[in-house]
Structures are given as structure tokens and as C-alpha cells.
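Scroll down for the structure; my scribbles are underneath it.
The values are calculated or read from the model by the stated rules, or taken from the named source; none is laboratory data. The shown structure was predicted, so the numbers you read here are calculated from the model rather than taken from an experiment. Please note: Cβ atoms are built from the backbone with ideal geometry, for glycine as well, and neighbour counts cover all protein chains shown. These accessible areas exclude ligands, DNA and RNA; they are computed on the full protein's heavy atoms, side chains included. Shrake-Rupley method; radii C 1.70, N 1.55, O 1.52, S 1.80 Å.
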Amino acid sequence: MAGPTTDTNLGPVINILKYMPETVRFAMLRLGKDCNADGSYSFMDAKCSVSVIRDERKVMMVRNFKKVFKRGIDLMNELKSGDMNSFKNMGKNYKAAIIVLAKFLEEKEIHEKSLNNVLNRKQNEGDDSCQNTELTVALAEHLLGRLAPRQSYIIDSRAKRNGRCSCGEKHCVKDPTYGSTGIGHEEVWHGHVDIIFSSHEGVEPESTGCAVRPLVTDSETRTNDAEEMEDESDGLPSGNTVDEDKQSTIGAEDQSVAETIVFSLIQRIHHPDLKTHLIPYIVISSCDFRILMYDADNDVFLCSMLLPLLQDNCLHITSVLILWMALHYRIFCSGIDIDPKKIDRVQSKFRNIVGEKWEIYSKSLKLGVANFPVVSKNTFPSNEDIMLGTELF
């Protein structure tokens, strides 16, 4: 990617500032007792019940996107005047992030065409596992990877079909990068995430994880909590209905919670000096997405509203801005600004649940694991063991 220059065309960026996420919100979640984070479980087998945190009036406690990403919102407001001097005076990381966004907006139509080619075929073909791999590659190549720092990412090499994007467009000639995306520790939650946005050398301060899986969008299965958050939604339409088994989708949500927490804790281990360890994790489907965030310092878990990906076959501009800020959270996220005396009211209680396993979560989590060793679990004793036992009475 070219370095920041004064010749950068900020027109596309300035033109979309009217689509800033004014009323997008996060709910604050608390983990329930039905949680197996203290055992050796893969993400696919993770169980983690959650509930929204409410105040004494039983009103859901939420956080506005503008507060969580205040640094990013302030930066964009500086550009509203169109004064090139405000861009010239920005730090290099801010300039680089804006150039990434400007370039994507200039090329948005060709990426929309590629995404729609894959999405339309996904609806008409069988073999869900192949479809999911194709969707993962398309989202990495034509959306998330284009918005990420250094446009660098790694896709889980265990995907059923490794190869180029299947959009069929002439402009799409890059070979996707596949690698080991295993995170966690074999004695606690662990597994492989679909995409990690970071350098190929390892976890970077702005690394972000992403899971491509179905989200609850059916009006019959969505909770009152979600509807409560979406009373004011910036004009964002609700997601399209998907025909997914409800229990399977709940399992996918448990998996997303586990992956979000582990990824944030890994960042805390590798980069303890970051200004905030409120780390985003993107959970995205062919229609919608959520931004999940876990603060590994303060034990706070945030879950965004369900946000649309496309509208009339075009990328939703507000959603593009949200994804861009999430991927550049190192410079845009302001963290959780809550009175330390009141932080207990909004904590997820993850540390309470894992007990003595916190030692592993806080110090020993791993990244880039190809295969996790199997941890033997207690089973019924063998006949030989029983025969060698000692009589108690």
C-alpha cells in the first residue's frame, strides 16, 4: 500500500461522513453458570450462556458506538470541513487508515460485484462447507481484508477448499493467504478461527479475529433484548431471515463468545502496553454482522446490534465505516470509560467462572497453533486400576 501523501483523494471519505454511526449501540453481557470455560473444550464445543446486564430499573445497560470508538469519530469529524490541512497534520497511522478507506471506497463497486457473485451462487448450490469457505475468502478479499491495516490476513488452512476467490472477476487475481489460526490452550477453550487480520509473522497490536457463521436474524427467534437495542438504529434495516436451526445458531453464539474472550486475552499477553485491551471480534454472515468486544483488563463484554452487510446488493455505508473502525481499533477505540468504583456492575464475571484456570488464560494462551494436543479427561476406571486399588474399610 502506498504511503500517506497530500495527493490522497479524500472526496469519497468526506462524502460518506453523513453516514456516521450515530445511534449504533453495544449491549453489555454477563456470562451465566452454564459455561465450560474452565475445562478443555474446543470452540465448537464451547458452552457459555449470557444475559444482558440491566440497571436497578431493569433497563438494559448499553454503550454507544460513538463513545467506544470516540477517537475514530473525532478523527472523522475533523475531516468534515474538507480542509486538507487537517489530514496533513494527522499522525502517520491515522493517515494510513484513511488512505485504506479512501482506496476501498474508490473501488467499492467492483468489490460489491465480486461479493454478489459469490453470495448469489451460495444461495443456489449445495455443500454448505464449501460455500462457507468461498464466502470466507470473498469477505477477506473484497471487504474485510481491504479495510484492514496493511490489508493483511490469514485464513484457516483447514478450510475444505483452499484456493482463490471464486467470484470469477478479472480484477481478482490475488492468492489468499492460508495458515494456522489456532488460538487458546488445550487445557481450556481453544480452536481455529476463520480469519485473523494481522501480519504473517504473528499477532500484531491491531490484530482482529473474524468468524463467518450464521447469525440469529429471524423475527421469531430474536430476543426482546435485541429489539430493545434497535429502537433507534440509524436507519439500519434489520437483517434478512435465514433458515437455520435455532439450537445450532445458539451453539454458534457460544462459540463466538469463547473466541472473542480468548482472542482479547491473547492480545493482552502479547501487547500488555496497549492503551486499551477492549478488542473487537467480527462475527459475520452473508447478510449481517455483529461486533463483539471483550476488555481483558476490566472483564467487560460488549455485543453490538445486529447490523446489515448489504442493502439492495450494495454494501451498507454505515456498516463499512463500523467495520473499518473495528479493524483499526488500535488507533480508533477509546476503551471503556467507566468509574472504577462502578465497574463491578457491568463486568462479565468470566474470571469468577474460570477459577484457577485464570492462570492459563492470563499467561499461557497460544496463537498460530496448527493442532492442539488432546488432553485426557477423567473416565470410568479400568478393571486393572480397580484391582490394584486399596480397600478403604
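Taking the numbered list (1) more than 20 Å from Asp337 (Cα to Cα); (2) modelled with pLDDT of 95 or more; (3) surrounded by 15 or more Cβ atoms within 10 Å (Cβ to Cβ); (4) not aliphatic (A, V, I, L, M) in turn, Ser51 passes all entries but (3). Under the condition of being aliphatic (A, V, I, L, M) and assigned to a loop (DSSP other than H, G, I, E, B), which residue from region 1-27 is modelled with the highest pLDDT? Ranking the candidates gives Val24 first.
Name the single residue that is surrounded by the most Cβ atoms within 10 Å (Cβ to Cβ) among those in region 54-72 being part of a helix (DSSP H, G or I) and out of contact with any Leu (no Cβ under 8 Å at 6 or more places or on another chain). Within region 54-72, the match that is surrounded by the most Cβ atoms within 10 Å (Cβ to Cβ) is Phe65. For Glu134, all conditions in the list (1) over 21 Å from Thr177 (Cα atoms); (2) outside any loop (DSSP other than H, G, I, E, B) hold save one; what is the number of the exception? Glu134 satisfies all of (1) over 21 Å from Thr177 (Cα atoms); (2) outside any loop (DSSP other than H, G, I, E, B) except (1).
Could you list all residues from region 310-328 that are open to solvent by less than 10 Å² (accessible area, probe 1.4 Å) and either closer than 15 Å to Val24 by Cβ or touching a Cys at 6+ places or on another chain (Cβ under 6 Å) (or both)? Residues satisfying the conditions are Thr318, Ser319, Val320, Leu321, Ile322, Leu323, Trp324, Met325, Ala326.
When the helices (runs of 4 or more DSSP H) confined to region 316-393 are screened for residues that are under 16 Å from Phe69 (Cβ atoms) and β-branched (Val, Ile, Thr), those reaching at least 2 such residues are found at 317-327. Among (1) open to solvent by 20 Å² or more (accessible area, probe 1.4 Å); (2) part of a helix (DSSP H, G or I), which single condition is Leu75 missing? Leu75 satisfies all of (1) open to solvent by 20 Å² or more (accessible area, probe 1.4 Å); (2) part of a helix (DSSP H, G or I) except (1).
Against the criterion of being more than 20 Å from Ile291 (Cα to Cα) and either of a type in the set (D, E, K, R) or at pLDDT 90 or above (or both), Cys130 does not qualify.
The residues on offer are Leu307, Leu274, Leu302, and the sole one that is within 17 Å of the chain's Cα centre (by Cα) and farther than 30 Å from Gln123 by Cβ is Leu302. Collect the residues in region 84-127 that are open to solvent by 70 Å² or more (accessible area, probe 1.4 Å) and in a loop (DSSP other than H, G, I, E, B), keeping them in residue-number order. Across region 84-127, the qualifying residues are Asn89, Glu125, Asp127. Listed by first and then second residue, the pairs linking a residue in region 52-74 that is in contact (Cβ under 8 Å) with a residue 24 or more places away in the chain to a residue that is open to solvent by 50 Å² or more (accessible area, probe 1.4 Å) and not in a loop (DSSP other than H, G, I, E, B), with Cβ atoms under 6 Å apart and 6 or more places separating them unless they lie on different chains, are Ile53/Arg30; Met60/Arg54; Met60/Glu228; Val62/Arg25; Asn64/Arg25; Ile73/Lys66.
For region 269-302, filtering for residues that are under 20 Å from Leu31 (Cα atoms) and open to solvent by 30 Å² or more (accessible area, probe 1.4 Å) leaves 3.
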